Amino acid sequence: MSKSLVTSIPIQELPLWEKRDMERGLFSFELELTARCTSDCRHCYIRLPADDAHARSLELQSDEIARIADEAVSLGSLWCLITGGEPLLRKDFPEIYSMLKRKGLLVSVFTNAQCITGEHVELFLKYPPRDIEITVYGVTRETYERVTRTPGSFDAFMRGLDRLMSAGIPARLKAMALRSNVSELPEIARFCRERTKDYFRFDPLLHLRFDRDPGRNEEIRSERLSPEEIAALDTADEKRAVALRSGCADLTQSGPPADANGNHLFRCGAGNGNFCVGYAGMFRLCSALCHPDCTADLRKQNLRDIRRTLVPKVRDMRSERKEYAEACGVCPLFNLCLWCPAHAHLETGQLDGSVPYFCEIAKARANALKIEN
């Protein structure tokens with residue numbers, strides 16, 4: 001895909017559905033505090049070592065985060081998700097978290113729970129989060145540390161989780177479906193549901209590294225489940241199966257339907273009511289979209305200008321490849337597929353690249369759910 005496919009169009013010339021969503025303003029944003037982490041998970045697309053001095057030097061400072069948050073709030077943002085890496089690695093996490101809360105934002109936190117201290121518990125009791133989500137890689141030390149490749153990480157996770165639960169701070173638990181933990185997934189689900197009665201989800205999507213590291217990408221591919229295994233997991237959970245059936249029957253996202261030419265790339269809501277701030281200050285329409293034609297430096301541009309220029313330009317991207325227009329662009333299994341321009345870029349280097357693995361997953365799901373295609 002070439003840069004010539006990216007066209008700048010004024011908001012007044014956008015299609016009606018696009019203009020409507022842009023005029024609604026922002027709702028939320030995702031804030032990566034760091035790419036550093038206490039673990040070295042086999043499947044991670046961003047992780048850098050906890051003591052990586054260069055990564056630390058690139059991280060947004062609290063005053064920069066405050067400025068970006070002010071801009072987001074002025075455009076309507078109500079909710080901020082703090083993530084990483086492991087965000088609690090930042091010594092100034094309490095300062096950043098409380099600052100965002102004082103701005104009136106609902107704040108969620110994604111964490112592995114390994115760094116949770118008594119200070120964090122007191123902070124969350126004083127300024128309650130919207131929610132805290134914790135990924136459970138295994139419920140035995142062997143499985144958990146097979147994934148994290150970090151001795152002592154299981155005990156640290158259990159201590160952190162127990163601190164939250166003992167203080168009455170609710171946490172939502174989730175899991176990644178990996179080759180290294182698939183045999184323990186039923187036990188992981190049971191563990192999570194016992195502690196979070198209203199919520200549990202698992203994710204089979206392992207997307208590749210932002211830094212395109214070939215060795216790490218090969219590790220991620222080796223952790224992926226087969227399309228048939230993913231479909232079997234989906235249908236084993238009745239609530240998940242019902243959601244997949246209804247989602248495939250009707251495109252519920254806010255993007256456009258497949259147009260007559262089948263060449264529109266972004267059929268999701270990325271960048272309309274939300275955005276992502278990378279740990280080094282790069283604006284992304286969604287957390288996975290790191291193509292250089294789709295990002296902007298928030299240290300050099302303000303958020304309002306980026307939304308008025310970059311966002312509509314990206315959302316109007318079209319593919320000139322006949323293969324895309326005749327396949328992904330008009331595929332009726334769109335909502336069963338893991339394909340999107342962001343993931344296509346990570347897999348192939350092209351926003352409109354085809355990914356056979358994703359296609360096979362969609363077909364396996366359709367077959368398992370008895371959906372005609």
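Every read-out reported here was derived from the displayed coordinates using simple, explicitly stated rules and does not represent laboratory data. Keep in mind that this is a model prediction, so the values were computed, not measured. Every residue, glycine among them, receives a Cβ derived from its backbone with ideal geometry; neighbour counts consider all protein chains shown.
Annotations for the structure displayed:
- Two-site FRET efficiency, Phe27 against Ser166, from Cβ-Cβ distance with R₀ of 35 Å, rounded to 0.05: 0.55
- Each label point was placed 7 Å from the Cα along the Cα-to-Cβ direction; for Asn302 and Arg159 their separation is 4.6 nm.
- Long-range HN-HN contacts of Ile82 with modeled amide H, under 5 Å: Leu31, Ser108, Val109, Phe110
- Ellipticity at 222 nm from helices only: DSSP H runs of n ≥ 4 in the chain, each -39500 (n - 2.57), divided by the residue count, give -12000 deg cm²/dmol.
- Cβ-placed point charges (K, R +1; D, E -1), dipole of the chain about Cα centre in debye, nearest 20: 500
- Take the Cα of Gln350, step 7 Å toward its Cβ, do the same at Arg67, and the gap between the two points is 3.9 nm.
- By average C-beta atoms within 10 angstrom, highest first, the peptides 291-299, 36-44, 158-166: 36-44, 291-299, 158-166
- Report note on the peptides 63-72, 230-239: ranked by the mean count of other C-beta atoms within 10 Å, highest first, their order is 63-72, 230-239.
- Which listed pairs, of Lys91/Lys313; Lys91/Lys174; Lys101/Lys239; Lys126/Lys197; Lys101/Lys174; Lys91/Lys300, have C-alpha distances above 28 Å, in listed order: Lys91/Lys313; Lys101/Lys239
- Calculated FRET efficiency for the pair Glu326/Arg141, C-beta based, R₀ 35 Å, to 0.05: 0.10
- Label separation (Arg190 vs Ala232): 1.9 nm, computed from points 7 Å beyond Cα along the C-beta direction.
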